[in-house]
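All remarks here apply to the structure that follows.
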Amino acid sequence: MPFTKFTNLDFDQIKTSIKDYLRANSDFTDFDFEGSNFSVLIDTLAYNTYITAFNSNMIVNESFLDSATVRENVVSLARNIGYVPRSRTAAQATVSFDVTTSGNTPTLTLQAGLVCVGSANDTSYVFSIPEKITTTTTQNVNASGNIVSSTASFNDIVIYQGTYLSKSFIVDGSLDQRFILENSFIDTSTIKVYVKGASDTGLGREYGRVDNILNINNTSETYLIQEITDERYELLFGDGVFGKKLENDAVINVSYIVTDGTEGNGPATFTYAGSTVSSSNQVSLPTVTPTITTITAASNGGNIESIDSIKYFAPRLYSSQYRAVTARDYESVIQQIYPNTESVSVVGGEELDPPEFGTVFITIKPKNGEFVSDFDKQGILSNLKGYTLAGINQKILDLKLLYVELDANVYYDQSKVTTVSELKTSITNGLITYASSTDLNKFGGRFKYSKMLNVIDTIDDAITSNITTVKIRRNLKALTNQFAQYELCYGNQFHINPSGRNIKSTGFTIQGQVDTVYFTDIPNKLADGTLDGSGKGVLAIVKGDTEFSGSLVVASAGIVDYMKGEVIISTVNITSTQRDNNIVEIQAFPESNDVIGLKDLYLSFAVGDSNINMIKDTITSGEQISGVGYKTTSSYANGALVRG
């Protein structure tokens, strides 16, 4: 009997394969007639084969981390290599307030749970604390010297966006008992676990969460968590070998905060809604509603780790074996200890010029904002010590942004355009979409010039062509009214125009000069006026008389290294800047239109700072068939003195 191999999942081809098999068997003759009963049976067999093959294919795909698509399966596969996906993270704010209550109490305790309500964008959000906070009070006396009230100051407390919940379990000793937190959207960093045995009082002994079983013995009061279905979490306790085993009838008290994640970011004004108790554990109401002072607005809220992120980081964290040695190790570990990380750059000190051996330089781009707070930096460095080698130091540097900007001249066919403004908006939206692609907005990102040109050309049939030049920009944060030196690294070779004006800046003022001045460059030349081949130039400060001409103020204010893409500014006292926040924008024209984010430079496509100029294509529209009067634009950088 012939053997037929089914090599595809297509119903018609499966049916054809069955018929080919039957055609080789002379016992059946009416299988190839669509109206026969045998044909109906063949359809049933083909359909059954199709469904079985499809299900088998899906089952096999869901058995591997790379091809799985269902979250529960991805999480389960990651669990096999010891990876716990990041949970939602609650937005955090820092506030201070005073609570005054009647009577005399030496201490006042702010209860765990709801503390205040914040608002942003016409929406209210509740903010809670995962643990109670106790502080001493100051007694207030009247004219007779009697204590009439007590005031407690709660300073710099961290509040978490979300609702505070609690749950209790009673250990029954059965092997199949599970401790599942039924709520989704939990911030696992706020989970507090207390186990109360027969001899314990209050809530019991606090258990600490661990990520692995390293350094765990049979007396360790620890627990692990794992994500299960519907983004819920299960608590895992010791078995008497790795971790202390729970006693029968022990009570497990668990508290946690359910959060809105990224939606909770933003609130900066809060109203008090907390609860306090006195030293005698009596509810103590404030005599007046406390006024809350916001130290830092709510930020760092994040959503649960995505499937793509789990697939990327799970094998890398496994390969790192919970130690930070290579750059990939640091990337995986930092994502675990600081969930608000969007992108990480790790550079060994030996790669610097001059080298700094024994030091690892880390730059982190948070998901919300551009800078990591000093408090978070200290926490990250402290947690990293448990993963790094002895004798290796870590430094967290502030984010260095390299902006890519465009000067785009877009030609369009007037006969195909309803309104030019709508077409320009479509181009802007298309560039914004490209700016959010995986090529950009990361360390090691790459701006691909050809892809950007294609984005513009394919936005609408009305667009006939575009001539676009690329600029790169760094922002200089000036230390105003003090002498300072600066160095800006762009990580990309600069184009050298022998006449200069490769470097341009926004305006600023310096000590001893009332007029607004600007940075510009003068390439090094030989006596005959040609470039000397050094690849360097002099940075000068000029006063702009017009857009295209100016007079020299400081002949040598620094060095421009065109080959390395560096601007080094000598000692200067900048007294003010045209841009807010003491920023001087300094741009350059790259030698290559493909721009990369080298080492610790975070590449960002600044669509909002780009110029899009719409030009009517009179040849395509038929207005000027001969081309006379057709407006052309230069493919090279403009010769303006200042940054536009």
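The values are calculated or read from the model by the stated rules, or taken from the named source; none is laboratory data. What you are looking at is a predicted structure, and each value in this text was computed from that prediction instead of being measured. Cβ atoms come from the backbone with ideal geometry, glycine included; neighbour counts cover every protein chain shown. SASA here: full protein model, heavy atoms, side chains in, ligands and nucleic acids out. Shrake-Rupley method; radii C 1.70, N 1.55, O 1.52, S 1.80 Å.
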Practice task
Could you please find all residues in the range 534-548 being in a strand (DSSP E or B), out of contact with any Leu (no Cβ under 6 Å at 6 or more places or on another chain) and modelled with pLDDT under 90?
Solution key: K543
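Each row is one residue, and each column tells you yes or no for (1) more than 25 Å from E566 (Cα to Cα); (2) of a type in the set (G, A, S).
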position: I432; (1), (2): yes, no
position: T438; (1), (2): yes, no
position: G444; (1), (2): no, yes
position: K448; (1), (2): no, no
position: I456; (1), (2): yes, no
position: I459; (1), (2): yes, no
position: A462; (1), (2): yes, yes
position: T468; (1), (2): no, no
position: R473; (1), (2): no, no
Completion exercise
Selection from the range 354-366 of residues touching a helix residue (DSSP H, G or I) at 6+ places or on another chain (Cβ under 6 Å) and either assigned to a strand (DSSP E or B) or under 18 Å from G444 (Cα atoms) (or both) yields T359
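Give the number of residues within the range 501-533 that are in a loop (DSSP other than H, G, I, E, B) and over 14 Å from V567 (Cα atoms). Steps first, please.
Initial filter on the range 501-533 (in a loop (DSSP other than H, G, I, E, B)): 501-502, 506-507, 511-516, 524, 526-530, 532-533.
Cutting the leftovers down to over 14 Å from V567 (Cα atoms) gives us 506-507, 511-516, 524, 526-530, 532-533.
So the count comes out to 16.
Working carefully through the options F483, F519, find the one that is among the aromatic types (F, W, Y) and open to solvent by 40 Å² or more (accessible area, probe 1.4 Å). Break it down into steps so the answer makes sense when it comes.
Values: F519 fails: open to solvent by 40 Å² or more (accessible area, probe 1.4 Å).
Unique residue meeting the criteria: F483.
From the list D156, D122, D98, which one is farther than 21 Å from T291 by Cβ and among the acidic types (D, E)? Before the answer, list the steps.
Working: D156 fails: farther than 21 Å from T291 by Cβ; D98 fails: farther than 21 Å from T291 by Cβ.
The unique qualifying residue is D122.
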Fill in the blank from the handout: Scanning the range 66-106 for residues that are in contact (Cβ under 8 Å) with a residue 60 or more places away in the chain, polar (S, T, N, Q), part of a loop (DSSP other than H, G, I, E, B) and open to solvent by 50 Å² or more (accessible area, probe 1.4 Å) gives T69
Practice task
Return yes or no: is L401 of a type outside the set (V, I, T) and either crowded, with 19+ Cβ neighbours inside 10 Å or closer than 19 Å to I334 by Cα (or both)?
Solution key: no
Exercise for the section: State yes or no: is S345 on the phi < 0 side of the Ramachandran plot, assigned to a strand (DSSP E or B) and small (G, A, S)? Expected result: yes
Fill in the blank from the handout: Apart from one, (1) small (G, A, S); (2) assigned to a loop (DSSP other than H, G, I, E, B); (3) open to solvent by less than 40 Å² (accessible area, probe 1.4 Å) all hold for G369; the odd one out is (3)
Completion exercise
So, first residue farther than 19 Å from T222 by Cβ in the range 164-192, second residue acidic (D, E) and open to solvent by less than 70 Å² (accessible area, probe 1.4 Å), Cβ within less than 8 Å, six or more apart or across chains; the pairs are S184/E231; F185/E231; F185/D260
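Scan the range 301-318 and give yes if some residue there is among the small types (G, A, S) and more than 18 Å from V84 (Cα to Cα), otherwise no. Before you say what the answer is, go through the steps one by one.
Step one: list which residues in the range 301-318 are among the small types (G, A, S), which gives 301-302, 306, 309, 314.
Now narrow it down to the ones that are more than 18 Å from V84 (Cα to Cα): 301.
Yes - at least one qualifying residue is present in the range 301-318.
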Completion exercise
Going through the range 289-310 in order, the residues found to be at pLDDT below 90, surrounded by fewer than 18 Cβ atoms within 10 Å (Cβ to Cβ) and either over 27 Å from N340 (Cα atoms) or among the charged types (D, E, K, R) (or both) are D308
Handout entry: Residue, farthest from the chain's Cα centre (by Cα), within the range 415-453, restricted to residues that are assigned to a loop (DSSP other than H, G, I, E, B) and hydroxyl-bearing (S, T, Y)
Key = T418
Practice task
Return a yes/no flag: does the range 429-440 have any residue that is closer than 26 Å to T506 by Cα, modelled with pLDDT under 90 and open to solvent by less than 60 Å² (accessible area, probe 1.4 Å).
Solution key: yes
Problem - Within the range 452-480, considering residues that are touching a helix residue (DSSP H, G or I) at 6+ places or on another chain (Cβ under 7 Å) and open to solvent by 50 Å² or more (accessible area, probe 1.4 Å), the one farthest from S421 (Cα to Cα) - result: K477
